[in-house]
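> Supplied in C-alpha cells, the structure appears directly below.
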Amino acid sequence: MANITENKLYTYSDYLNYPEGERIEIIDGHIYRVAAAPSRIHQSVIMELSTIINSYIKSNNGSCKVYSAPFDVILKNDDEQVTSSKNIVQPDISVICDKSKLTDKGCTGAPDMIIEVVSPYNSNSDYIRKLNLYYQFKVREYWIVNPMEETILVYSLNENCEYAAPKSYTFKNTIKVGIYDNLEIDFNDLDL
C-alpha cells in the first residue's frame, strides 16, 4: 500500500506511478481507494445496463463506445496538461461518443454519459463528490443507481449547461436515456 501525503495534491502523473494492483481514483487532487470486489448485484446491474446500451448502439450503427470499470476517465481543464490533471475516476459505466477522447489509457475528457452503481461503502462519493465533479466537467447525463434501495437518480445538463433537479425512479420504472432519441431501459426487465 502506497503512502498518501495528506497535504499533497495528486495528479495523473502520480496516478500512473501508483503501485499496480491498488485501485484508486483522484478527485480534486485527493486519493480515494476503490474497493476491489463489488457485490454480485452491483456487477449484475453494470453488466445488464452496459449490454443494453451497447446493443442499442450496435443495432443503430452508432459511433459511441461503452466501457465498464476499471476504465480510466481523466477529467482535465482546457489549459491543463493531461499529466497535471487532478481528477481521474473509474466510473462503473462510461459512454463516449467523441472518439477523439479515447486513448490506449482510457478517456481524456468528459464522457457523454456516466452511470455509477452505489455500494454501501461509496455512496457519499457517488451522491456528492462525483456528482459535483461530473457537473464541473459537463458530463451530459449522470445516473446514480442504488441497488440496495432500488432507486435511480438521473441528472441531465439543461440548456444552461447546469444539472437541474434530478429525476427520480425506482427499479419498477422505464427510463429514457437522454443522450439518445429512442432508447428506454425497463428496469423490470433487468436480470438481477
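The values are calculated or read from the model by the stated rules, or taken from the named source; none is laboratory data. Since this is a predicted model, take the numbers as computed values, not measurements. Positions of Cβ are generated from backbone atoms using ideal geometry, with glycine treated the same way; all protein chains shown enter the neighbour counts. The area values use the complete protein model at the heavy-atom level, side chains included, leaving out ligands, DNA and RNA. Shrake-Rupley method; radii C 1.70, N 1.55, O 1.52, S 1.80 Å.
> Can you pull out the trypsin sites (Lys or Arg not before Pro) in segment 147-192 that DSSP calls coil and that have at most 13 other Cβ atoms within 10 Å?
LYS172
> Could you do me a favour and compute the accessible area per residue for the chain, 1.4 Å probe, result in Å²?
With all protein chains present, the chain gives 53 Å² per residue.
> Are there cysteines in the chain with no second cysteine's Cβ under 4.7 Å away, and if so, which?
CYS107, CYS161
> Moving on. Toward the positive end of the charge dipole of segment 13-111, about the Cα centre and with charges on Cβ (Lys, Arg +1; Asp, Glu -1), which of MET47, GLY109, ILE93 goes farthest?
Result: MET47, furthest along the dipole toward the positive end.
> Can you give the local net charge around LYS86? Use residues other than it whose beta-carbon is closer than 12 angstrom to its beta-carbon, Lys and Arg +1, Asp and Glu -1.
Local net charge: -2.
> Then there is this: Would you calculate the separation in nanometres between label points at GLU159 and GLN43, each defined as 7 Å from the Cα along the Cα-to-beta-carbon direction?
Result for the modelled spin labels: 4.6 nm.
> Oh, and also: What size of dipole, in debye to the nearest 20, comes out for segment 71-188 about its Cα centre when the only charges are +1 on Lys and Arg C-beta atoms and -1 on Asp and Glu C-beta atoms?
Its charge dipole is roughly 160 debye.
> Taking all protein chains as present, what is the carbon and sulfur share of the accessible area of the chain, in % to the nearest whole number, probe 1.4 Å?
46 percent
> May I pose another question? Tell me the mean residue ellipticity at 222 nm calculated for the chain from its helices only (DSSP H runs of n ≥ 4, each -39500 (n - 2.57), averaged over every residue, nearest 500).
Taken over the chain, the calculation gives -5000 deg cm²/dmol.
> Using alpha-carbon pairs under 8 Å, 6+ residues apart, how would you state the relative contact order of segment 1-130 in percent?
24 percent
> List, in the order given, every pair from LYS8/LYS99; LYS65/LYS172; LYS8/LYS167; LYS101/LYS130; LYS58/LYS130 whose Cα-Cα distance in the structure shown is over 31 Å.
LYS8/LYS99; LYS8/LYS167
> Aspartates and glutamates within cross-link reach of LYS86: Cα-Cα under 14 Å, excluding same-chain residues under 8 positions apart?
Once the sequence-local aspartates and glutamates are set aside, what remains near LYS86 is ASP14, GLU25, ASP28, ASP72, ASP78.
> Angle between the Cα long axis of helix 40-59 and the longest principal axis of the chain, 0 to 90 degrees, nearest 10?
Taking Cα atoms only, the helix is inclined about 70 degrees.
> Continuing with this model, one more query. Could the peptides 43-51, 55-63 be put in order, highest first, of the mean number of other beta-carbon atoms found within 10 Å of their residues?
Final packing ranking: 43-51, 55-63.
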